[in-house]
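A.B. asks: My questions all concern the structure below.
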Amino acid sequence: MNFDYTPKVEELRGRLVAFMNEHVYPNEHQFHAEIAANRAKGNAWIPTKIVEELKPLARKAGLWNLFLPFSKRVPEGLTNLEYAPLCEIMGRVNWSPEVFNCSAPDTGNMETLERYGSEDIKRTWLDPLLKGEIRSAFLMTEPAVASSDATNIQCQIERQGDQYVINGRKWWSSGAGDPRCAVYIVMGKTNPEAGRHEQQSMVVVPANAPGVKVLRPLSVFGYDDAPHGHMEVDLKDVRIPLGNILLGEGRGFEIAQGRLGPGRIHHCMRLIGVAERALELMCKRSLERVAFGKKIGEQTVTQERIAQARCMIDQARLLTLKAAYMMDTVGNKVARTEIAMIKVIAPSMACQVVDWAIQAHGGGGVCDDFPLAHMYASSRTLRLADGPDEVHRNAIAKLELAKHLSIPNAADRVEIPITRGS
């Protein structure tokens, strides 16, 4: 495995770093100030001007839709391995991926539509998503059941004549708070009597369809993440054409496996960027502040934490690059162990590094004068989103045990749960 950056990636990386330095870091305060001003006026769910102003500049710089590999619609799309160092840089500022049309859940939804949607669905929804004209949400997790086991999902998708009728309640529907969110991908049961993994299907639902109601935003450690938001959504007698199903009835788990693999690795790539920036802030703060007669950075405990953070970040990066390489070369199914491992390691690593950075900042670390508090909240959430740590560890253990069974191809028989969160 060769993880050296190709000349193409090095050139893109240089362009991206320059763009971040010129346009993103200097406008972090403006982004939050805009949202605060909108919230004070009674509505935080308004797209920020600064992000919309930067999008044309990103397109002009050739930094647009870099996440989507092997698509005729996106010839500029990179492989997972090529995209990794760029996604990491974008992850250093939580709102910057949208500037490059590389933000969740749109990236996962666009990849899903590209892989599994009909040409009509692609023209109607994928093309405007790729242009950045609309946004989207993914509706899988439900409040009434433990959605870490996706076979629990109860949302009903019932066929009636030439339509499907949808009834269910979803939550943690990230992106559904954005007024530009025009389309949902919804997972639910089309056949409750089928086999355990053939009951679920995925369908495309216009966000403005009759019967769709956004009930409330859900905060993350007190952050509402406006204008993006994580919403609870009620679907009552929502009718869609039969053509809005993806791939076919009973194929929901198959689609989820394809969708969540790239989504998980993108989260991990961004988390490495989060941890890198937290370490950078920690070092700078430690060299500026004096306590008990010497700089914080001269204290042995701080030096130990800085050293350990560097080791942990580089370890997580290398495993993420290995997973990306395997996804590109042997496919998501073969790479499932590596994907599960990085999903366990990267969020925990980021939480620890950010926590140490907060300690080095003292009281400043827990207020919004620095980005660390929000970094910690979002990193901690990713120990649940796209599957809790426990589920991924369980899958890793089963795959490891299967190597030592006398049954031929035992690993292929290991059930890898499709899981998204609470």
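A.B. asks: Which of the following residues is surrounded by fewer than 19 Cβ atoms within 10 Å (Cβ to Cβ) and free of Cβ contacts under 8 Å to residues at least 12 places away in the same chain: LYS55, LYS60, LYS122?
C.D. replies: So the residue among LYS55, LYS60, LYS122 that is surrounded by fewer than 19 Cβ atoms within 10 Å (Cβ to Cβ) and free of Cβ contacts under 8 Å to residues at least 12 places away in the same chain is LYS60.
A.B. asks: Where in region 69-152 are there helices (runs of 4 or more DSSP H), lying wholly inside it, with at least 2 residues that are in contact with a strand residue (DSSP E or B) (Cβ under 9 Å, 6 or more places away or on another chain)?
C.D. replies: 106-116, 127-130
A.B. asks: Sticking with this structure for a sec: It is to be established whether one or more residues within region 45-52 are hydrophobic (A, V, I, L, M, F, W, C), touching an Asp or Glu at 6+ places or on another chain (Cβ under 8 Å) and either assigned to a helix (DSSP H, G or I) or over 25 Å from ALA373 (Cβ atoms) (or both).
C.D. replies: Yes.
A.B. asks: On to the next question. Is there any pair with a first residue in region 236-254 that is without any contact (Cβ under 8 Å) to a residue 40 or more places away in the chain and a second that is surrounded by fewer than 18 Cβ atoms within 10 Å (Cβ to Cβ) and aliphatic (A, V, I, L, M) whose Cβ atoms are under 9 Å apart and which are 6 or more apart or on different chains, and what are they?
C.D. replies: Final answer for the pair search is GLU254/LEU247.
A.B. asks: Another question, then. Scan region 26-52 residue by residue and report those that are in contact (Cβ under 8 Å) with a residue 60 or more places away in the chain and closer than 21 Å to ALA176 by Cα. Explain how you work it out, then say what you get.
C.D. replies: From region 26-52, those in contact (Cβ under 8 Å) with a residue 60 or more places away in the chain are 28, 31-32, 35, 38-39, 44-48; that's our starting set.
Passing the criteria: PHE31, HIS32, ILE35, ASN38, ARG39, ALA44, TRP45, ILE46, PRO47, THR48.
A.B. asks: What number of residues within region 385-419 are closer than 12 Å to ARG336 by Cβ, under 20 Å from the mean Cα position of the chain (by Cα) and either modelled with pLDDT under 70 or part of a loop (DSSP other than H, G, I, E, B) (or both)?
C.D. replies: 4
A.B. asks: Here are some residues: ARG159, ARG169. Which one is in contact with an Asp or Glu (Cβ under 7 Å, 6 or more places away or on another chain) and outside the structural domain of CYS367 (by TED's automatic domain parsing)?
C.D. replies: On inspection, the qualifying residue turns out to be ARG169.
A.B. asks: Need pairs with beta-carbon distance below 8 Å; first residue in contact (Cβ under 8 Å) with a residue 12 or more places away in the chain and within region 88-105, second β-branched (Val, Ile, Thr) and outside any helix (DSSP H, G or I); sequence gap 6+ or separate chains.
C.D. replies: The qualifying pairs are TRP95/THR48.
A.B. asks: Scan region 136-181 for residues that are of a type in the set (D, E, K, R) and touching a Gly at 6+ places or on another chain (Cβ under 6 Å) and report the count.
C.D. replies: Of the residues in region 136-181, 0 are of a type in the set (D, E, K, R) and touching a Gly at 6+ places or on another chain (Cβ under 6 Å).
A.B. asks: Can I ask one more? Somewhere in region 353-367, is a residue in contact with a helix residue (DSSP H, G or I) (Cβ under 9 Å, 6 or more places away or on another chain) and either in the same structural domain as VAL93 (by TED's automatic domain parsing) or under 16 Å from GLY263 (Cα atoms) (or both)?
C.D. replies: Looking through region 353-367, none of the residues is in contact with a helix residue (DSSP H, G or I) (Cβ under 9 Å, 6 or more places away or on another chain) and either in the same structural domain as VAL93 (by TED's automatic domain parsing) or under 16 Å from GLY263 (Cα atoms) (or both).
The values are calculated or read from the model by the stated rules, or taken from the named source; none is laboratory data. Source: prediction; values computed, not measured. We place every Cβ from the backbone using ideal geometry, glycine too, and count neighbours over all the protein chains shown.
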